[in-house]
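Working notes, beginning with the structure itself.
The values are calculated or read from the model by the stated rules, or taken from the named source; none is laboratory data. All values derive from a computational prediction rather than experimental measurement. FYI the Cβ positions are ideal-geometry reconstructions off the backbone, even for glycines, and counts take in every protein chain you see. Remember, those area values only see protein heavy atoms, side chains included, never the ligands or the DNA or RNA. Shrake-Rupley method; radii C 1.70, N 1.55, O 1.52, S 1.80 Å.
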Amino acid sequence: MPSDSPVIISKPTLKFERAAIKRGAKFVCGVDEVGRGPLAGPVVVSAVILNHRKVPEGLNDSKVLTAAQREALYEKIMASAIVSIVVAPPTIIAQLNILQASLWAMRKAVLGLQVKADHILVDGNKLPKDLPCPGEAIVGGDGRSVSIAAASIVAKVTRDRMCLIMDCEEPQFGFSSHKGYAAPQHLEALTTHGPGRHHRMDFAPCIQAQRMKTIAA
RNA sequence: AGCACAUAUCGA
DNA sequence: TCGATATGTGCT
């Protein structure tokens with residue numbers, strides 16, 4: 001193998017999991033969230049405990065995988081791992097804020113695992129409070145830990161599917177293409193149609209669109 | 001301002 | 001796989 005590639009892209013490994021196990025953990029779970037940034041739709045969090053004897057091949061950061069690869073890996077993960085998925089809808093996001101809603105969903109996902117985790121690996125730099133066991137935050141975690149990578153894939157596929165449903169319900173916004181993010185087409189639809197039932201009414205562009213609607217009325 | 005997370009779009 | 005552009009919130 002060419003050992004002198006200009007850039008070495010390190011793939012996610014079991015390093016963190018092994019370290020935790022060496023310190024006495026039995027069930028290490030990776031946690032990741034998707035859909036934090038968009039103007040509409042839920043935040044989806046997944047917690048995954050991989051079977052270390054059956055780790056699906058090709059696990060990687062969900063950002064470098066194609067949709068087809070994610071779908072394939074999703075099936076393998078669901079068939080071989082312990083998985084918990086939690087959805088935080090826009091109503092929850094508006095009540096807490098986006099960060100608190102994410103942390104809330106993370107803890108709920110961990111608690112929802114059918115096997116109790118005893119060590120948590122969370123993507124990012126923030127840990128949820130009141131976790132039932134030790135945990136660590138890992139910046140860039142979905143590219144460094146296979147467990148977090150697996151969680152990111154499950155969460156991403158789940159949210160993409162929800163966006164398809166949202167697109168059927170409110171075709172005006174084009175959720176299936178931009179996934180609820182602030183793409184030009186989305187912002188335009190937002191001003192012409194006003195916010196729909198999936199929009200996050202605590203996010204600035206939605207508030208703005210709502211104001212326009214109110215003024216026009 | 002820095003950091004983090006979440007993406008989307010286009011191009012090669 | 002790599003760039004470049006862009007949007008969102010929240011903590012320090």
| query | Any idea which of A:L127, A:A117, A:M162 is furthest toward the positive side of the dipole for chain A, if Lys and Arg beta-carbons carry +1 and Asp and Glu beta-carbons -1? | reply | A:A117
| request: Report the Stokes-Einstein translational diffusion coefficient (µm² s⁻¹, integer) for segment A:15-169, Rh taken as the Kirkwood radius over Cα pairs, at 25 °C with viscosity 0.890 mPa s. | output: 160 µm²/s
| said: Can you show me the helix-derived [θ] at 222 nm for chain A, built from DSSP H runs with n ≥ 4 at -39,500 (n - 2.57) apiece and divided by the number of residues, rounded to the nearest 500. | reply: -13000 deg cm²/dmol
| message | Quick query: amide H of A:Y181 versus all other amide H atoms, modeled in the peptide plane; which residues come in under 5 Å with a sequence gap of 5 or more or a different chain? | response | A:L39
| request: Keeping to pairs on different chains or 8 or more places apart, tell me how many lysine pairs in chain A have Cα atoms under 15 Å apart. | output: 10
| With +1 on each Lys and Arg Cβ and -1 on each Asp and Glu Cβ, how big is the dipole of chain A about its Cα centre, in debye rounded to the nearest 20? | 580 debye
| query | What order, most packed first, do the peptides A:141-149, A:209-217 have when packing is the mean number of other Cβ atoms within 10 Å of each residue? | reply | A:141-149, A:209-217
| request: For an R0 of 30 angstrom, estimate the FRET efficiency from the Cβ-Cβ distance between A:I165 and A:I92 and round to the nearest 0.05. | output: 0.95
| query | Net charge near A:L65, counting Lys/Arg +1 and Asp/Glu -1 over other residues with Cβ under 10 Å of its Cβ? | reply | +1
| note | A correct Karplus calculation of ³J(HN,Hα) over segment A:70-78, with 6.51 cos²θ - 1.76 cosθ + 1.60, θ = phi - 60°, whole Hz and x for Gly and Pro, returns 5, 4, 5, 5, 3, 4, 5, 5, 4
| task | Would you mind working out the accessible area per residue for chain A, using a 1.4 Å probe, and quoting it in Å²? | result | 52 Å²
| said: Quick check on packing: order A:180-193, A:39-52 by the mean number of other C-beta atoms within 10 Å, highest mean leading. | reply: A:39-52, A:180-193
